[in-house]
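Since the structure comes first, as structure tokens, the remarks are kept for the end.
The values are calculated or read from the model by the stated rules, or taken from the named source; none is laboratory data. The model shown is predicted, which means the values in this text are computed figures rather than measured ones. Using ideal geometry, Cβ is built from the backbone for each residue, glycine included, and neighbour counts are taken over all protein chains shown. With ligands, DNA and RNA removed, areas are computed over all heavy atoms of the protein, side chains included. Shrake-Rupley method; radii C 1.70, N 1.55, O 1.52, S 1.80 Å.
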Amino acid sequence: MNNRKPFIAGNWKMYKTAAESVETAKKLACLVSGVINVDVMIAPPFTALSHVYEAIKESSVMLGAQNLFWEKEGAYTGEISPGMIVSSGCRYVIIGHSERRQYFGETDQTVNKKIRSALNNGLVPVICIGETENERDAADTFNILDKQIKMGLEGFSPYDLEQMILAYEPVWAIGTGKTATSDQAQEVHRFLRNLIETLLGKKIAGSTRILYGGSVKPENIGELMSMPDIDGALVGGASLDAEKFASIINFKS
Ligand code: 13P
């Protein structure tokens, strides 16, 4: 047994207006009001953050942003600073999601800068990594993850990264309905924990929560959570519906 508290997060991506986000967040907060053994976070679009914060601030549901830009302020049209995110009520920020890497030019270097900026502003980074289908087929999964972790976390001390959360999201499993089997996911999570131990020591390796993401649903969460190195989930599609997401949060393993 370990003492890592499960962490289940909903990434709402580019779905829902502010009003729709508030409605879903309120419903969710009600549905999970009795849950004390799981940390719950939702990451609505930027435009909804402050509204959702007002709606859930008395509840146990926590708020995260889906991205940030590392500068404090400046002429960066369209970007959002860590300070703005904090002032919207967020404690968490998702960094390096594969959709940002794929469509918006995110690299391990920009991920590194964003992690630094999140930490400097007191935000907990939820750092996403994962291989594409071609990389898995070419038996390159572990090399890719090794590179993403080493470059993403370069220059940080164990102290800096005490709170970080990692999310393993195989790109081929995102939004495809194809979930990694629990054994496939466990194998990668174990690899990641060993890598963290090598880079940052046993203590951080033992306390870092590693989430799985990619077509997580009420039907597969129990089995995933029964694996020793899977500490939670980053849920896309199935988190958009409060009832479905609540039944993921109330998983039985
Ligand atoms: P889906 O759950 O829709 O596959 O998305 C996963 C994801 O990308 C969460 O960040």
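Checking the structure you have, find out if any residue of the range 225-236 is acidic (Asp, Glu) and either within 16 Å of the ligand (Cβ to nearest atom) or more than 19 Å from Gln148 (Cβ to Cβ) (or both).
Going through the range 225-236, the residues acidic (Asp, Glu) turn out to be 229, 231.
Keeping just the survivors that are either within 16 Å of the ligand (Cβ to nearest atom) or more than 19 Å from Gln148 (Cβ to Cβ) (or both) gives 231.
Yes, there is a match, as at least one residue in the range 225-236 is acidic (Asp, Glu) and either within 16 Å of the ligand (Cβ to nearest atom) or more than 19 Å from Gln148 (Cβ to Cβ) (or both).
So Thr17 ticks every box in (1) surrounded by fewer than 16 Cβ atoms within 10 Å (Cβ to Cβ); (2) polar (S, T, N, Q); (3) more than 21 Å from Met84 (Cβ to Cβ) but one. Which box is left unticked?
Condition (3) is where Thr17 drops out.
Here's the yes/no breakdown for (1) without any contact (Cβ under 8 Å) to a residue 60 or more places away in the chain; (2) away from the ligand (no atom under 16 Å from the Cβ); (3) within 18 Å of the chain's Cα centre (by Cα):
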| residue | (1), (2), (3) |
| --- | --- |
| Trp172 | yes, no, yes |
| Thr181 | yes, no, no |
| Glu187 | yes, yes, no |
| Arg190 | yes, yes, yes |
| Asn194 | yes, yes, no |
| Gly201 | yes, yes, no |
| Leu211 | no, no, yes |
| Gly214 | no, no, yes |
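Scan the range 56-71 residue by residue and report those that are surrounded by fewer than 23 Cβ atoms within 10 Å (Cβ to Cβ) and either small (Gly, Ala, Ser) or more than 24 Å from Cys128 (Cβ to Cβ) (or both).
Once the filter is applied, which keeps residues that are surrounded by fewer than 23 Cβ atoms within 10 Å (Cβ to Cβ) and either small (Gly, Ala, Ser) or more than 24 Å from Cys128 (Cβ to Cβ) (or both), the range 56-71 yields Lys57, Glu58, Ser59, Ser60.
Specify the residue that is surrounded by the fewest Cβ atoms within 10 Å (Cβ to Cβ); the eligible residues are those in the range 120-135 that are over 15 Å from the mean Cα position of the chain (by Cα) and of a type outside the set (S, T, N, Q).
Within the range 120-135, the match that is surrounded by the fewest Cβ atoms within 10 Å (Cβ to Cβ) is Gly122.
When you scan the range 8-25, how many residues do you find that are within 15 Å of Gly214 (Cα to Cα) and either modelled with pLDDT under 95 or not charged (D, E, K, R) (or both)? Outline the logic, then answer.
From the range 8-25, those within 15 Å of Gly214 (Cα to Cα) are 8-13; that's our starting set.
When the remaining residues are screened for being either modelled with pLDDT under 95 or not charged (D, E, K, R) (or both), the result is 8-12.
Of the residues in the range 8-25, 5 are within 15 Å of Gly214 (Cα to Cα) and either modelled with pLDDT under 95 or not charged (D, E, K, R) (or both).
List the residue pairs whose Cβ atoms are under 9 Å apart, where the first residue sits in the range 2-14 and is open to solvent by less than 10 Å² (accessible area, probe 1.4 Å), the second is away from the ligand (no atom under 11 Å from the Cβ) and in a loop (DSSP other than H, G, I, E, B), and the two are 6 or more positions apart or on different chains.
Phe7/Val38; Phe7/Asp231; Ile8/Val38; Ile8/Phe251; Gly10/Pro44; Trp12/Pro44; Trp12/Pro45
Scan the range 77-98 residue by residue and report those that are under 22 Å from Val40 (Cβ atoms) and in contact (Cβ under 8 Å) with a residue 60 or more places away in the chain.
Within the range 77-98, Tyr92, Ile94, His97 qualify.
Of the conditions (1) of a type in the set (Val, Ile, Thr); (2) within 15 Å of the ligand (Cβ to nearest atom); (3) over 18 Å from the mean Cα position of the chain (by Cα), Ile249 clears all except one; give me its number.
The failed condition is (3).
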